[in-house]
1. If you check Asn40, Asn58, which single one turns out to be more than 12 Å from the chain's Cα centre (by Cα) and surrounded by 19 or more Cβ atoms within 10 Å (Cβ to Cβ)?
2. Considering each residue of the range 15-33, count those that are surrounded by 14 or more Cβ atoms within 10 Å (Cβ to Cβ), in contact (Cβ under 8 Å) with a residue 24 or more places away in the chain and under 18 Å from Ile62 (Cβ atoms), and give that number.
3. Quick one: which residue in Phe9, Phe70, Phe26 is within 18 Å of Leu108 (Cα to Cα), under 14 Å from the mean Cα position of the chain (by Cα) and aromatic (Phe, Trp, Tyr)?
4. Are any residues in the range 80-91 in a loop (DSSP other than H, G, I, E, B) and farther than 20 Å from Ala23 by Cβ, and if so, which ones?
5. Checking Lys82 against (1) touching a residue at least 40 places away in the same chain (Cβ under 8 Å); (2) out of contact with any Phe, Trp or Tyr (no Cβ under 9 Å at 6 or more places or on another chain); (3) over 17 Å from Val110 (Cα atoms), only one condition comes out false. Which one?
6. Filter the range 50-79 down to residues that are farther than 28 Å from Asn39 by Cβ and in contact with a Leu (Cβ under 9 Å, 6 or more places away or on another chain), then give me how many there are.
7. Here is a check on your reading of the model: is Asn58 of a type in the set (S, T, N, Q) and touching a Lys or Arg at 6+ places or on another chain (Cβ under 6 Å)?
8. Restricting to the range 80-111, give me the number of residues that are polar (S, T, N, Q), modelled with pLDDT under 95 and under 24 Å from Asn39 (Cα atoms).
Amino acid sequence: MLPTKLVLFSANFNKLKTSGVKATAFKKLTKLAYLYLSNNELTSVPHLPESLHIVHLNNNKIAAITDETFCKGNTSYYVRTKMDEVRLDGNPVVLANYPYSFICLKSLPVGWYN
């Protein structure tokens, strides 16, 4: 269990797999602002708390996302005001296949995409 006052969590280059990270592992971390999970073996995105400013999930094995991954479904009324940066590059996911997945973000994911 991670401490609820945690502001930054970095587990880059740790060979983390989705099966080893509970989907709700970060859900109750209401102070978490920076989440770095790059260069692992994740195949899905865990639940992300509203407090996040930056999330790096680049260079994993994430092949799909949903409208609920970052937003609350296909609604233009919900805006994730704190989220400044999302990185998903280096994953097999084709972002163009999920046009409503980022509708609540202030900006589109950064990085190099094919």
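1. Working: Asn58 fails: more than 12 Å from the chain's Cα centre (by Cα).
Checking each option against the conditions leaves just Asn40.
2. The total comes to 4.
3. Values: Phe9 fails: within 18 Å of Leu108 (Cα to Cα); Phe26 fails: within 18 Å of Leu108 (Cα to Cα).
From the options Phe9, Phe70, Phe26, the qualifying one is Phe70.
4. To start, the set of residues in the range 80-91 that are in a loop (DSSP other than H, G, I, E, B) comprises 80-84, 88-91.
Matches in the range 80-91: Thr81, Lys82, Asp84, Asp89, Gly90.
5. Failing condition for Lys82: (3).
6. Initial filter on the range 50-79 (farther than 28 Å from Asn39 by Cβ): 72-79.
Checking which are in contact with a Leu (Cβ under 9 Å, 6 or more places away or on another chain) leaves us with 79.
The qualifying residues number 1.
7. Numbers: of a type in the set (S, T, N, Q): yes; touching a Lys or Arg at 6+ places or on another chain (Cβ under 6 Å): yes.
Yes, satisfied.
8. Going through the range 80-111, the residues polar (S, T, N, Q) turn out to be 81, 91, 97, 101, 107.
Among the residues that remain, those that are also modelled with pLDDT under 95 are: 81, 97, 101, 107.
Filter once more, so that each one left must be under 24 Å from Asn39 (Cα atoms): 97, 101, 107.
Of the residues in the range 80-111, 3 are polar (S, T, N, Q), modelled with pLDDT under 95 and under 24 Å from Asn39 (Cα atoms).
The values are calculated or read from the model by the stated rules, or taken from the named source; none is laboratory data. Predicted, not measured: the structure shown is a model, and the values here were computed from it. Don't worry about glycine lacking a Cβ; one is built from the backbone with ideal geometry, like all the others, and counts go over all protein chains shown.
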